[in-house]
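A.B. asks: My questions all concern the structure below.
The values are calculated or read from the model by the stated rules, or taken from the named source; none is laboratory data. What you see is a predicted model; the values in this text were computed from it and never measured. Positions of Cβ are backbone-derived with ideal geometry, glycine not excepted, and every protein chain shown enters the neighbour counts.
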Amino acid sequence: MSRPQTRIAHRICPLCEACCGLELTVTDERVTSVRGHDADVFSRGYICPKAVALKDLHEDPDRLRKPLVKRDGRFVEASWDEAFAEIERRLVPIQQQHGRDAVATVFGNPSVHKAGLILYLSRFARALATRNVYSASTIDQMPKQLSSGLMFGEWLSIPVPDIERTQLLVILGANPAVSNGSLWTVPDFRGKAKALRARGGRLVVIDPRRNETAELADEFHFIRPGADAFFLAGIVATLLDESLVRLGRLAGHVNGIEQLAPAFSQFAAERVAARCGIGADAIRGLARSLAATERAAVYGRLGTCTQEFGTLTSWLVDLVNVLTGHLDEPGGAMFPRAPAFARNTLGAPGKGRGVATGRHKSRVAGAPEVFGELPLTCLAEEIETPGPGQVRALITLAANPVLSAPNGKRLGAALEKLDFMVSLDVYLNETTRFADVVLPGSSPLEDQHYDAAFPQFGYRNAARASAAVLPRAAGQLAEWQVLLRLAAIASGRGAGIDIDKFDDELTEADVQRLAGEQSAAVMKALAGRRGPERLVDLALRAGPYGDRFGLVPDGLDLDKLLATPGGIDLGALAPRVPEVLRTPSGRIELAPSMLLAELARATQRLDDPAPDLVIIGRRQVRSNNSWMHNLPTLAKGRNRCTLLVHPEDARRFGLTDGGRARVSGAGATARCVEAQVEFSDAMMPGVVSLPHGWGHDAQDARMSIAAAQPGANLNAVLDETTRDPLSGNAVLNGVAVAVSAA
Ligand SMILES: Nc1nc2c(c(=O)[nH]1)N[C@H]1C(S)=C(S)[C@@H](COP(=O)(O)OP(=O)(O)OC[C@H]3O[C@@H](n4cnc5c(=O)[nH]c(N)nc54)[C@H](O)[C@@H]3O)O[C@H]1N2
Ligand SMILES: Nc1nc2c(c(=O)[nH]1)N[C@H]1C(S)=C(S)[C@@H](COP(=O)(O)OP(=O)(O)OC[C@H]3O[C@@H](n4cnc5c(=O)[nH]c(N)nc54)[C@H](O)[C@@H]3O)O[C@H]1N2
Ligand code: SF4
Ligand SMILES: [Mo]
């Protein structure tokens with residue numbers, strides 16, 4: 001027998017936004033251990049329990065490895081050529097007969113975590129040329145993208161707390177101690193929060209649940225779900241009223257400051273206190289602390305976005321940061337400068353076109369397009385409702401909306417009625433089981449990796465790339481190749497297209513736009529690579545730290561990053577205003593008219609009574625959205641899909657600890673689920689919590705481990721018709737429910 005061959009490989013973890021550097025031991029082409037990479041300049045050895053599950057995912061017998069085509073209602077394995085031929089045969093006639101909008105697409109969360117998907121999504125979408133583009137963004141962060149776009153001129157110019165230098169961090173509606181951060185790439189949040197406190201700084205958390213982040217905090221307040229806009233408006237009103245506003249260096253770079261005093265006159269702390277469930281003294285006190293602390297930042301995330309006033313709230317977070325002199329200042333909320341793919345490093349600095357919404361509207365609800373997308377919660381009605389523009393076919397890419405989006409039952413029933421559906425996914429699950437053709441996505445360990453999105457939200461600037469850890473399995477296509485083939489079919493160029501030539505053609509067009517007369521030379525410099533790797537090399541070299549194709553000899557390129565697996569540190573965040581701005585005025589828009597109108601609408605809602613009981617979600621360390629419940633290392637152990645109930649509420653509703661409860665949504669067609677009750681005094685009375693992403697009880701899915709402990713689907717009781725009207729984002733928290741013993 002030959003001696004086992006062992007090697008060490010490095011890979012950035014693609015499982016969440018923290019983007020930790022991993023060190024993997026590979027013995028005879030099998031991963032034998034996964035550890036944190038101590039020499040990683042960004043994550044410094046930190047990992048969470050999910051990283052180890054990359055091995056489970058790679059080896060999971062349920063993971064799809066061959067295309068599946070549905071014949072007479074049953075899936076049969078097919079070759080890639082057969083699968084693409086079937087797609088061409090069925091998709092193209094739908095486009096021809098019913099028009100381009102008859103084909104919809106949904107991009108799911110993992111598509112942002114894989115270079116082969118994120119860098120080819122736009123190519124695919126352009127080829128599909130439909131208005132029916134949906135994604136996880138409208139059940140997640142679209143409000144923050146919209147408020148950032150309106151204030152700073154770019155959808156992804158989102159400031160993040162400079163946590164290593166701040167002295168006061170206020171967190172609303174986020175639980176980075178578990179989620180590891182979102183729109184804020186911050187591995188080891190826990191360690192950084194402890195360091196903040198060790199240097200005398202303070203952490204304040206505002207949440208309807210005393211969550212794991214609150215346990216690290218100096219100060220915690222329960223807030224009534226959905227009341228953050230009122231709370232933050234109370235802070236702004238206090239700053240204005242007590243003359244605490246200090247713009248500092250930004251004074252010459254803002255517009256609209258004079259519009260604020262009249263707009264906030266209704267929101268005195270004493271007036272909003274009851275709406276928030278937080279005393280006026282605490283609101284005024286926090287406003288004063290923010291104003292008086294030299295280095296402070298307010299951060300809001302999922303809980304502040306997935307509510308009716310999501311965009312309003314997201315704006316108010318940054319308005320408070322500006323008014324207290326903490327935006328774009330060290331220790332405040334700052335704009336990262338990513339080494340590649342950041343729109344706020346392209347084009348003329350300091351001015352731009354800004355953002356617009358509503359260039360078209362959804363056909364049935366009339367919801368405005370935002371960032372080129374329609375609200376995911378509109379998809380079911382767009383499939384169900386006859387008439388011109390009706391959605392008759394769907395392509396899902398790494399998405400599981402039947403579990404992830406409100407009222408999946410209705411969506412599932414709609415998917416069943418489609419003329420044709422294709423999914424690119426790693427599992428046959430609650431959503432992909434409705435497809436006619438399922439194409440297998442690759443195991444992340446088989447892909448070279450560069451995070452195109454997350455360095456735009458990094459707690460510091462860094463550049464890292466990873467080589468593939470394992471060779472691609474025989475016969476497995478890379479996901480970018482799959483997307484190009486789908487693009488070729490959708491644009492009428494046929495499934496048989498030469499993928500490499502097609503890729504050259506598209507990349508040449510990009511280079512032409514970027515480099516004009518120099519484009520031939522640039523293409524030559526990129527020779528030897530193709531697919532996402534070539535796009536990464538191009539973006540790095542043309543980017544703010546790039547080698548500019550030789551003009552900056554010690555600048556970045558992909559070779560350099562691949563030769564440095566621990567990455568290259570590009571320093572602490574640095575002030576970027578006005579260069580970062582892309583608004584038409586070249587200033588930060590403090591009072592966009594759309595948001596002032598929304599603020600006025602909120603005044604009508606100041607006296608809304610609290611519903612008897614509302615539900616919120618939660619995340620857990622050993623789980624990620626809807627798809628990691630089939631991985632043995634994560635799935636083992638106790639039932640985690642429990643309904644957290646405050647003991648007082650339990651008494652009111654006759655629930656027992658460990659017993660079962662029926663949770664039903666409000667309204668005539670109330671849907672219900674059953675879950676195990678767990679008493680918790682960490683819950684605000686009147687609020688219960690169930691994690692999302694569970695409910696793996698579909699008979700025809702193929703996830704054997706997940707099916708053994710299916711859990712209850714939170715989204716089954718949520719309502720697909722309530723949205724933040726500005727961003728189209730779903731309301732996932734603070735929804736009225738009833739509970740009873742089951
Ligand atoms: N009630 C409630 N609902 C929520 C949330 C909440 O807080 N509360 N959170 C929301 C948020 S923030 C998000 S982002 C969404 C997420 O919702 P989705 O975008 O639907 O994402 P996931 O649930 O993570 O499902 C990911 C899908 O991608 C597949 N997949 C995994 N890895 C790969 C891969 O490498 N390649 C391919 N091709 N496929 C892959 C999985 O099998 C699964 O089908 O859920 C949202 N839903
Ligand atoms: N382990 C793990 N990590 C993950 C994920 C996962 O599923 N599991 N998902 C990833 C994804 S896709 C995302 S988007 C991020 C999200 O990361 P975070 O933004 O940190 O989201 P959550 O952990 O859901 O925390 C949201 C918090 O908002 C609170 N909340 C609910 N409603 C309200 C409200 O009205 N007001 C206020 N102030 N708070 C409210 C909840 O109680 C909860 O504590 O996490 C990512 N990381
Ligand atoms: S926190 Fe965990 S899942 Fe997220 S990137 Fe790091 S190791 Fe991966
Ligand atoms: Mo998300």
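A.B. asks: Applying the selection to region 453-476, what residues are in contact (Cβ under 8 Å) with a residue 12 or more places away in the chain, surrounded by fewer than 20 Cβ atoms within 10 Å (Cβ to Cβ) and over 30 Å from R576 (Cα atoms)?
C.D. replies: Within region 453-476, A467, A468, L470, P471, R472, A473, G475, Q476 qualify.
A.B. asks: Run down K50, K55, K70, K114 and say which single residue is within 15 Å of ligand 1 (Cβ to nearest atom) and within 25 Å of A435 (Cα to Cα).
C.D. replies: The match here is K114.
A.B. asks: A follow-up question, please. Among the listed residues I12, I47, identify the single one that is within 11 Å of ligand 3 (Cβ to nearest atom) and either touching a Ser or Thr at 6+ places or on another chain (Cβ under 6 Å) or without any contact (Cβ under 8 Å) to a residue 24 or more places away in the chain (or both).
C.D. replies: Values: I47 fails: either touching a Ser or Thr at 6+ places or on another chain (Cβ under 6 Å) or without any contact (Cβ under 8 Å) to a residue 24 or more places away in the chain (or both).
When all the criteria are applied, what remains is I12.
A.B. asks: Please work out if V272 is touching a strand residue (DSSP E or B) at 6+ places or on another chain (Cβ under 7 Å) and among the aliphatic types (A, V, I, L, M).
C.D. replies: no
A.B. asks: Restricting to region 664-697, give me the number of residues that are crowded, with 20+ Cβ neighbours inside 10 Å and within 18 Å of A405 (Cα to Cα).
C.D. replies: 10
A.B. asks: Here's something else I'd like to know. Could we say that L415 is within 16 Å of ligand 4 (Cβ to nearest atom), under 29 Å from H360 (Cβ atoms), modelled with pLDDT of 95 or more and in contact with a helix residue (DSSP H, G or I) (Cβ under 7 Å, 6 or more places away or on another chain) here? Working first, answer last.
C.D. replies: Working: within 16 Å of ligand 4 (Cβ to nearest atom): no; under 29 Å from H360 (Cβ atoms): yes; modelled with pLDDT of 95 or more: yes; in contact with a helix residue (DSSP H, G or I) (Cβ under 7 Å, 6 or more places away or on another chain): yes.
For L415, the condition - within 16 Å of ligand 4 (Cβ to nearest atom), under 29 Å from H360 (Cβ atoms), modelled with pLDDT of 95 or more and in contact with a helix residue (DSSP H, G or I) (Cβ under 7 Å, 6 or more places away or on another chain) - is not met.
A.B. asks: Still on this model: Please go through (1) closer than 24 Å to F420 by Cβ; (2) in contact with a Ser or Thr (Cβ under 6 Å, 6 or more places away or on another chain) for M142 and return the number of the only condition it doesn't satisfy.
C.D. replies: Here M142 meets the rest and fails (1).
A.B. asks: Of the residues in region 267-295, how many are under 28 Å from A610 (Cα atoms), surrounded by 17 or more Cβ atoms within 10 Å (Cβ to Cβ) and not β-branched (V, I, T)?
C.D. replies: Adding up the residues that qualify gives 14.
A.B. asks: Out of the residues in region 273-312 that are of a type in the set (G, A, S) and within 16 Å of ligand 4 (Cβ to nearest atom), state the one that is nearest to T377 (Cα to Cα).
C.D. replies: So in region 273-312, the residues of a type in the set (G, A, S) come out as 273-274, 277, 279-280, 282, 285, 287, 289, 291-292, 296-297, 300, 303, 310.
Next, from what is left, pick out any that are within 16 Å of ligand 4 (Cβ to nearest atom): 300, 303, 310.
Values: G300: 23, G303: 18, G310: 15 Å.
Filtering first and then ranking leaves G310.
A.B. asks: Of all residues in region 3-14, which are surrounded by 21 or more Cβ atoms within 10 Å (Cβ to Cβ) and among the hydrophobic types (A, V, I, L, M, F, W, C)?
C.D. replies: Within region 3-14, I12, C13 qualify.
A.B. asks: Would you mind finding the one in V370, V364, V391, V355 that is surrounded by fewer than 20 Cβ atoms within 10 Å (Cβ to Cβ), modelled with pLDDT of 95 or more and of a type in the set (A, V, I, L, M)? So that I can check it myself, show each step before the final result.
C.D. replies: Numbers: V370 fails: surrounded by fewer than 20 Cβ atoms within 10 Å (Cβ to Cβ); V391 fails: surrounded by fewer than 20 Cβ atoms within 10 Å (Cβ to Cβ); V355 fails: surrounded by fewer than 20 Cβ atoms within 10 Å (Cβ to Cβ).
Only one candidate passes the filter, namely V364.
A.B. asks: Tell me, yes or no, whether region 18-34 has at least one residue that is under 22 Å from A115 (Cα atoms), within 16 Å of ligand 4 (Cβ to nearest atom) and touching a residue at least 40 places away in the same chain (Cβ under 8 Å).
C.D. replies: First, pick out the residues of region 18-34 that are under 22 Å from A115 (Cα atoms): 18-24, 31, 34.
Keeping just the survivors that are within 16 Å of ligand 4 (Cβ to nearest atom) gives 18-19.
Keeping just the survivors that are touching a residue at least 40 places away in the same chain (Cβ under 8 Å) gives 18-19.
Taking every residue of region 18-34 in turn, at least one turns out to be under 22 Å from A115 (Cα atoms), within 16 Å of ligand 4 (Cβ to nearest atom) and touching a residue at least 40 places away in the same chain (Cβ under 8 Å).
A.B. asks: Please give the strands (runs of 3 or more DSSP E) falling wholly within region 635-694 in which 1 or more residues are within 16 Å of P611 (Cβ to Cβ), at pLDDT 95 or above and touching a strand residue (DSSP E or B) at 6+ places or on another chain (Cβ under 9 Å).
C.D. replies: Counting at least 1 such residues, we get 642-645, 660-665, 687-689.
A.B. asks: Report yes if some residue within region 695-705 is outside any helix (DSSP H, G or I) and in contact with a Cys (Cβ under 8 Å, 6 or more places away or on another chain); otherwise report no. Even if it seems obvious, please write down each step before you answer.
C.D. replies: Going through region 695-705, the residues outside any helix (DSSP H, G or I) turn out to be 695-703.
This time we only want the ones that are in contact with a Cys (Cβ under 8 Å, 6 or more places away or on another chain), so: none.
Looking for residues that are outside any helix (DSSP H, G or I) and in contact with a Cys (Cβ under 8 Å, 6 or more places away or on another chain), one finds none in region 695-705, hence no.
A.B. asks: While we're here: Could you identify the single residue in L644, L655 that is within 14 Å of ligand 2 (Cβ to nearest atom), touching a residue at least 12 places away in the same chain (Cβ under 8 Å), among the hydrophobic types (A, V, I, L, M, F, W, C) and over 30 Å from E329 (Cβ atoms)?
C.D. replies: Numbers: L655 fails: within 14 Å of ligand 2 (Cβ to nearest atom).
Only one candidate passes the filter, namely L644.
A.B. asks: What number of residues within region 608-649 are among the polar types (S, T, N, Q), more than 16 Å from ligand 4 (Cβ to nearest atom) and in contact with a Lys or Arg (Cβ under 9 Å, 6 or more places away or on another chain)? Give the steps one after another, and end with the answer.
C.D. replies: Going through region 608-649, the residues among the polar types (S, T, N, Q) turn out to be 620, 623-626, 630, 633, 639, 642.
Going one step further and asking which of them are more than 16 Å from ligand 4 (Cβ to nearest atom), we end up with 630, 633, 639, 642.
Then keep just the ones that are in contact with a Lys or Arg (Cβ under 9 Å, 6 or more places away or on another chain); that gives 630, 633.
The number of residues fulfilling the criteria is 2.
A.B. asks: Against the definition (within 30 Å of L119 (Cβ to Cβ) and among the hydrophobic types (A, V, I, L, M, F, W, C)), how does A365 come out, yes or no?
C.D. replies: Details: within 30 Å of L119 (Cβ to Cβ): no; among the hydrophobic types (A, V, I, L, M, F, W, C): yes.
In short, no.
A.B. asks: Assess whether R587 counts as being touching a helix residue (DSSP H, G or I) at 6+ places or on another chain (Cβ under 8 Å), surrounded by 18 or more Cβ atoms within 10 Å (Cβ to Cβ) and among the charged types (D, E, K, R). I'd like the intermediate steps shown before the answer.
C.D. replies: Numbers: touching a helix residue (DSSP H, G or I) at 6+ places or on another chain (Cβ under 8 Å): yes; surrounded by 18 or more Cβ atoms within 10 Å (Cβ to Cβ): yes; among the charged types (D, E, K, R): yes.
It is true that R587 is touching a helix residue (DSSP H, G or I) at 6+ places or on another chain (Cβ under 8 Å), surrounded by 18 or more Cβ atoms within 10 Å (Cβ to Cβ) and among the charged types (D, E, K, R).
A.B. asks: If you don't mind, another one. Return yes or no: is V426 under 30 Å from G567 (Cα atoms) and among the β-branched types (V, I, T)?
C.D. replies: Working: under 30 Å from G567 (Cα atoms): yes; among the β-branched types (V, I, T): yes.
Yes.
A.B. asks: Provide a single number: the residues in region 479-505 that are part of a helix (DSSP H, G or I), touching a residue at least 24 places away in the same chain (Cβ under 8 Å) and buried (at least 18 other Cβ atoms within 10 Å of the Cβ).
C.D. replies: So the first thing to find is which residues in region 479-505 are part of a helix (DSSP H, G or I), and the list is 479-490, 499-505.
Checking the rest, the ones that are also touching a residue at least 24 places away in the same chain (Cβ under 8 Å) come to 479-490, 500, 503-504.
Still in the running and buried (at least 18 other Cβ atoms within 10 Å of the Cβ): 479-490, 503.
Matching residues across region 479-505 total 13.
A.B. asks: Check V170, V103 and return the single one that is buried (at least 22 other Cβ atoms within 10 Å of the Cβ), outside the structural domain of N211 (by TED's automatic domain parsing) and more than 16 Å from ligand 4 (Cβ to nearest atom).
C.D. replies: One residue alone meets the criteria, V103.
A.B. asks: How many residues does region 512-547 contain that are farther than 20 Å from S466 by Cα, free of Cβ contacts under 8 Å to residues at least 24 places away in the same chain and crowded, with 16+ Cβ neighbours inside 10 Å?
C.D. replies: Number satisfying all stated conditions: 2.
A.B. asks: Residue by residue through region 185-223, note down the ones that are assigned to a strand (DSSP E or B) and more than 16 Å from ligand 4 (Cβ to nearest atom). Steps first, answer last, please.
C.D. replies: The initial filter retains those residues of region 185-223 that are assigned to a strand (DSSP E or B), namely 185, 202-206, 209, 219-221.
Answer for region 185-223, where residues must be assigned to a strand (DSSP E or B) and more than 16 Å from ligand 4 (Cβ to nearest atom): R202, L203, V204, V205, I206, R209, E219, F220, H221.
Residue-wise test of (1) more than 8 Å from ligand 1 (Cβ to nearest atom); (2) in a loop (DSSP other than H, G, I, E, B).
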position: V391; (1), (2): yes, yes
position: L403; (1), (2): no, no
position: L411; (1), (2): yes, no
position: S442; (1), (2): no, yes
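A.B. asks: For region 113-139, which residues satisfy the criterion of being more than 16 Å from ligand 3 (Cβ to nearest atom), buried (at least 22 other Cβ atoms within 10 Å of the Cβ) and assigned to a loop (DSSP other than H, G, I, E, B)?
C.D. replies: Across region 113-139, the qualifying residue is only N132.
A.B. asks: Still on this model: Tell me which helices (runs of 4 or more DSSP H) are completely within region 510-622 and hold 2 or more residues being closer than 30 Å to R485 by Cα and among the small types (G, A, S), or say none if there are none. Let's see the steps before the verdict.
C.D. replies: Details: elements: 519-525, 531-542, 558-562, 593-603.
Ranges flagged: 519-525, 531-542.
A.B. asks: For the structure I just gave you, tell me whether A217 is of a type in the set (G, A, S) and in contact with a strand residue (DSSP E or B) (Cβ under 8 Å, 6 or more places away or on another chain).
C.D. replies: Working: of a type in the set (G, A, S): yes; in contact with a strand residue (DSSP E or B) (Cβ under 8 Å, 6 or more places away or on another chain): yes.
Criteria met by A217.
A.B. asks: Still on this structure, please answer the following. Quick one: is L156 closer than 30 Å to L590 by Cβ, in contact with a Lys or Arg (Cβ under 9 Å, 6 or more places away or on another chain), in contact (Cβ under 8 Å) with a residue 24 or more places away in the chain and more than 10 Å from ligand 1 (Cβ to nearest atom)? If you could, list the steps in order and put the result at the bottom.
C.D. replies: Details: closer than 30 Å to L590 by Cβ: yes; in contact with a Lys or Arg (Cβ under 9 Å, 6 or more places away or on another chain): yes; in contact (Cβ under 8 Å) with a residue 24 or more places away in the chain: yes; more than 10 Å from ligand 1 (Cβ to nearest atom): yes.
In short, yes.
A.B. asks: While we're here: Test A474 against the stated conditions and say whether it is under 23 Å from L397 (Cα atoms), under 29 Å from the mean Cα position of the chain (by Cα) and assigned by TED's automatic domain parsing to the domain that holds L91. Break it down into steps so the answer makes sense when it comes.
C.D. replies: Details: under 23 Å from L397 (Cα atoms): yes; under 29 Å from the mean Cα position of the chain (by Cα): no; assigned by TED's automatic domain parsing to the domain that holds L91: yes.
No; evaluated as a whole, the condition is false for this residue.
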